[in-house]
Amino acid sequence: MGRGLLAAGVGAVGQLAAVGLLASSAWLIATASLRPPVLTLTVAIAAVQCWSLLRGVARYGERLAGHDLALRVLARLRVRAFSALAPLVPARWPGARRGDLLARFVADVDGVQDLYVRAALPLLSGAAAAAVTVAAAAALDPAAGLALGIGLAGAVVTAPALAAVGGRDGCQLAACRGERDALVVEVLHGVTDLAMLGALPGQLARLDRAERLLGRQARRASVAASLGAVLGAGLGGALAAVAVAVSLPALHQGRISGVTVVVLGFLGLAGAETVGELPASFAAAGTALAGARRIAALGDPGRADGTDDADRYPDQASTPPPGAAATAVRRPPEVELDRVVVAYDDRAPVLDHVTLRLRPGEHLALVGPSGAGKTTLGHLLLGFVTPADGRVALDGRPPGQARQLVAWAPQDPHVFHAGVAANLRLARPSATDADLAAVLDAVGLGRWLAGLPEGLATVLGERGTTISGGERQRLGVARALLADRPLLVLDEPTAHLDEANAARLRDAVLAAAEGRSLVWITHRTADLDRFDRVAALEGGRLREAVSPWGRAQRVRTTFTAPVSEARWKVS
């Protein structure tokens, strides 16, 4: 608040200096034309120099203070936008397009600073300067001051109406920009498949149409802004003419001099300058507000049941303070799903009244056909999905508040354009090179690491383009193990592996999960006898076989396709 008032105050000083410069210059020129003694002009000459210096310094200070405020707000807004977006990805925005999210996070957030630099500050400083200008004119001639005040008030009232077109076009511009960016990202990521399938020309044509539409919206917004600038320039001439015309009777009556009439004309020009930026300011505000609404939508993707996420998952991103719950974090949590229902849009529920309780330290194998809801259940444990009904809790807390308890290896783990060590240290920044080599060897990547040209410093490429799917999968599992969390949730960790490597990875995970809880999501139904429990998902419903004697007893599963016909045998 203080920085905003400072920026507005400095801006008002700059505007007043411009008014003073015009008035002093007018008086100096008009008086000099009468050829008075030079000493008579000395004060006016000094005033012109003083106003000129003050105007330059104040304008610089306004830009400095205004942009400092805008950049500080921008930094906070970007952090808030990312904080709102991070808990929702990937599952809470199933229909989102990455390019559109990128446009909201970059272009729309950047545009919000216009609310301060191009809208709020010019409005506050211009209003203050306009009031002083009208007061100065009224002091010279009340009639001219009244006419100038009416003209400036009319400009302030009509400016929002003139800028409404630009603001409306700004809303459409933001949406068109998001569509264009979404298409760009989709074409870039799928260019290989599109080229192989012969679909690239069609996608490029779609991109061209989106670019043309964006260009049309940008031109319409520019026309509205230009119209405001033209009207602002015309307003100056009109106010100057009105001020001179209204002051002529006073001149004829001898109440004011001809020099005063000239000064009043220049005050009309100065008054128009104080409000001349208002149409552009209101148009910029409309565009910025459109971007702000798109940013706000990140935190409210919509819920079919109308439940507020704050009621169900308050403070999703919260983490315990340093050292506050170190022992609690190491203890495996008790996981509870009570009649959970998850549905996307108006489609049939992905999970339909699923009830599951996982005791601390238990190892659960979750199987089922593709699309059965296994990954969605994993997202529930991370707080990435908000159930439409039912309750999810880790040690009695919503998953969003207990995310620090869970280590997650997704089915398609993201590999950053960085070295092997940098990708792994995301999970544990303090890990040594020996720790990294040990966990890679445990998941079967020891020989792979030895064959890398630069070892742990080898750059893996964008999204892991230089490694195979199996290597990327095991790298994700290694990252989850390295995180050393009390609950492991691994989604299809053996999907890209042959039987031998799959068995080795499963044994390594089970060994590392001793004393920790484990949810092993897989479509493979073989070799699950080392898990405490085996459950199957199909059609959103959960079927489960439990060994009541613990891990010492073997759980055998016999499947006949489809999974709904599975028969569970416990020995």
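The values are calculated or read from the model by the stated rules, or taken from the named source; none is laboratory data. Everything quoted here is computed from the prediction, not taken from an experiment. Note: ideal-geometry Cβ built from the backbone for every residue, glycine included; neighbour counts use all protein chains shown. Just the protein is used for accessible areas: all its heavy atoms, side chains included, with ligands, DNA and RNA removed. Shrake-Rupley method; radii C 1.70, N 1.55, O 1.52, S 1.80 Å.
Side notes on the structure shown:
- There is at least one residue in the range 147-163 that is modelled with pLDDT under 70 and either crowded, with 23+ Cβ neighbours inside 10 Å or among the aromatic types (Phe, Trp, Tyr) (or both).
- The residues of the range 463-509 that are touching a Ser or Thr at 6+ places or on another chain (Cβ under 9 Å), farther than 21 Å from GLY361 by Cβ and not in a helix (DSSP H, G or I), listed by number, are THR466, GLU492, THR494, ALA495, HIS496.
- Of VAL191, VAL184, all but one fail to be in contact (Cβ under 8 Å) with a residue 40 or more places away in the chain, farther than 21 Å from LEU289 by Cα and open to solvent by less than 90 Å² (accessible area, probe 1.4 Å); the exception is VAL184.
- Yes/no for ARG212 being open to solvent by 80 Å² or more (accessible area, probe 1.4 Å), among the charged types (D, E, K, R) and at pLDDT 80 or above: yes
- Check on LEU460, crowded, with 17+ Cβ neighbours inside 10 Å, touching a Phe, Trp or Tyr at 6+ places or on another chain (Cβ under 7 Å) and among the hydrophobic types (A, V, I, L, M, F, W, C): no
- Of the residues making up the range 246-284, those that are in a helix (DSSP H, G or I) and without any contact (Cβ under 8 Å) to a residue 24 or more places away in the chain number 4.
- Only one entry of ALA70, ALA119, ALA103, ALA137 meets the criterion of being at pLDDT below 80 and touching a Gly at 6+ places or on another chain (Cβ under 7 Å), and that entry is ALA103.
- Flag if ARG220 is touching a residue at least 24 places away in the same chain (Cβ under 8 Å) and open to solvent by 80 Å² or more (accessible area, probe 1.4 Å): yes
- Summed over the range 123-135, residues that are open to solvent by less than 40 Å² (accessible area, probe 1.4 Å) and either within 15 Å of ALA17 (Cβ to Cβ) or within 39 Å of the chain's Cα centre (by Cα) (or both) total 5.
- When GLU492 is tested against the conditions (1) surrounded by 18 or more Cβ atoms within 10 Å (Cβ to Cβ); (2) touching a helix residue (DSSP H, G or I) at 6+ places or on another chain (Cβ under 7 Å), the lone failure is (2).
- Test result for GLY469, farther than 30 Å from PRO333 by Cβ, at pLDDT below 90 and open to solvent by less than 30 Å² (accessible area, probe 1.4 Å): yes
- Condition check for LEU510: surrounded by 20 or more Cβ atoms within 10 Å (Cβ to Cβ) and modelled with pLDDT of 90 or more: no
- Criterion (farther than 22 Å from ALA129 by Cα and surrounded by 12 or more Cβ atoms within 10 Å (Cβ to Cβ)) met by exactly one of ARG55, ARG63, ARG35, ARG78: ARG78
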